[in-house]
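> The structure is given below, and queries will be raised subsequently.
Each reported figure results from applying straightforward, stated rules to the coordinates on display, with no laboratory input. Note that the structure is a prediction, hence the values are computed from the model and not measured. Methodologically, a virtual Cβ is constructed for each residue, glycine included, from the backbone with ideal geometry; neighbour enumeration extends over all protein chains shown.
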Amino acid sequence: MTEDTTKTNDDKQGIDMAGISQMLMTMAPTMGPEFSGLVSAFMGMAKTEQHQMSADWIKNWVTNPESGGAYIKRLMALHPNVLKKFVAQMMANVFFRDHDTIKDYTDGGVQPPGLVLISPSMRCNYKCVGCYAAQYSKDEDMSFETLDGIITEAKELGTRFFIILGGEPLVYRPLFDIFEKHNDVAFQFYTNGALIDKDMARRLVELGNVAPQISVEGFEEETDERRGKGAFARAMRAMDNLREAGCVFAFSTAATSRNIDSVTSDKFMDLMIEKGAIYGWYFLYMPVDGDSDMSLMPTPEQRNKLRMATNRFRKEKPILMVDFWNDAPLTGGCINGGRNYLHINHRGDVEPCIFCHMATHNLNDCSLAEALNSDFFKHLRAEQPYSYNTLRPCPLIDHPHVMREAIEKTGAYPTHNGAEKVYTDPKIKAEIDKYAGEIKKFFNPIWEKEYAHWAGKWETLLNIPVEQVEARKKQYLEEG
Ligand code: SF4
């Protein structure tokens, strides 16, 4: 069995993990219909203006019986071990990071990213359309010692949340040893779910600090079309096993120009809730190399459809949806380059974002701290937010000149075959430039109407220097 280490004092993030864990354990059995205890506990924990705003949002949300109210009941029905570890760690990291404390560490050297993404193996048990996992062999997997070393260093810097990707993480043998050894932090792993049987679900609940993210492309037709016949049924069976064991899990979907109607439908979201997903992710189909099919990228209208669906589900359904692009106003824009996250591939290359396979540093030759302080990452961080309109957050598809310039200035190399073509191939560049122009035209009026009055202030509460936000505002106004 794993050691109970939830009493860690997370001083580098200014987080009272022990307090949050204790609060959840006390609340779960006694939760009343009006959640007044939960709300006052949250209010009591708010130390900063940003915390106070988060606590106010939670207060409003839980008083809606359709969404937050019903959601908290679902959350509290999870296994106590999961509440004490994963849920407490997530609340701490999402709502109660103390940016003043983090800033002290930034001033002293290296800023701890809120989350670190690692792909220790690129192998997979599936052969999905358009996926490159089949090109990799077991010999190329990251060793246990390397992965352990990366997580240990990130923890020393102050990171408490790790995301494991691939390939299929469950074919990487040392995975559960890592989860067990680092039981004082939270893990998510993205999986097709095929290998999650009842025993594995029980093991995950015993660990308590891990949440699988089950990938689906919509319903059976869309999922099986990309992932092979039977993939949807296996994903649903994994969800059943996890729900029955009391494990926290999410669904994850990449929205394309083809599946957008399915994944934003009430029918789809109701199915995910019925299956037991506690939260869900919307990503966009992204060009990552020269073979990417640009016609699969959601149009501006479709990207907005995702935004509207996310907002609607938050008001009407007991599930927490995260929309990786359209929620950027909540994170002060793009979080890449170590401001809040980065990705490390199986070879140790340190990439600014999971969708950008370019790097200047490799962890076989340097520490994580050195990679975080690389010119490549510093350049990307200094430019953030890439627009005052953080509904257009992305240096890959909304402001492509930013990533091109960062790559050119720092000599970043491709970490995956053909990745550089996204930044150098004239045809792909022209298509992305056109897309960025259309996004600007479509999303600027929405930003002005719905976000501009609060989002700039929020950015400064998230540790983005006021001068940087003001400079973007000026630039935005001048651009027209
Ligand atoms: S680079 Fe784009 S995809 Fe990556 S974190 Fe930033 S906004 Fe998201």
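> Within the chain, what's the longest stretch lacking GluC sites (Glu not before Pro) that sit in DSSP loops with no more than 16 other Cβ atoms inside 10 Å?
35-480
> Treat region 302-451 as a sphere of radius equal to its Kirkwood radius over Cα pairs and apply Stokes-Einstein at 4 °C in a medium of 1.567 mPa s; give the translational diffusion coefficient in µm²/s, rounded to a whole number.
Answer from the Stokes-Einstein relation: 79 µm²/s.
> Then there's this: Distance between Cα centroids, region 465-480 to region 395-439: provide it in whole Å.
Each part's Cα centre sits 23 Å from the other's.
> In addition: Divide by every residue of the chain the summed helix terms, -39500 (n - 2.57) for each DSSP H run of at least 4, and state the resulting mean residue ellipticity at 222 nm, rounded to the nearest 500 deg cm²/dmol.
Roughly -13500 deg cm²/dmol at 222 nm, from the helical runs in the chain.
> Which of the cysteines in the chain are isolated, no other cysteine C-beta under 4.7 Å?
124, 247, 334, 366, 394 - these cysteines have no disulfide-compatible partner (Cβ-Cβ under 4.7 Å) in the chain.
> About the Cα centre, and with charges only on the beta carbon of Lys, Arg (+1) and Asp, Glu (-1), how big is the dipole of the chain? Nearest 20 debye, please.
That gives a dipole near 920 debye.
> Under the Kirkwood approximation for Rh and a Cα-based Rg, what ratio Rg/Rh is obtained for region 343-395? Intermediate values should be presented prior to the final figure.
Details: Rg = 12.2 Å, Rh = 11.9 Å.
For region 343-395, the value is 1.03.
> Something else now. Give, to the nearest whole percent, the P(r) tail of region 391-480 beyond 22 angstrom, counting all Cα pairs.
I get 39 percent for the Cα pairs in region 391-480 exceeding 22 Å.
> Also: I need the per residue convex hull volume for the chain, using only the alpha carbons, in cubic angstrom as a whole number.
132
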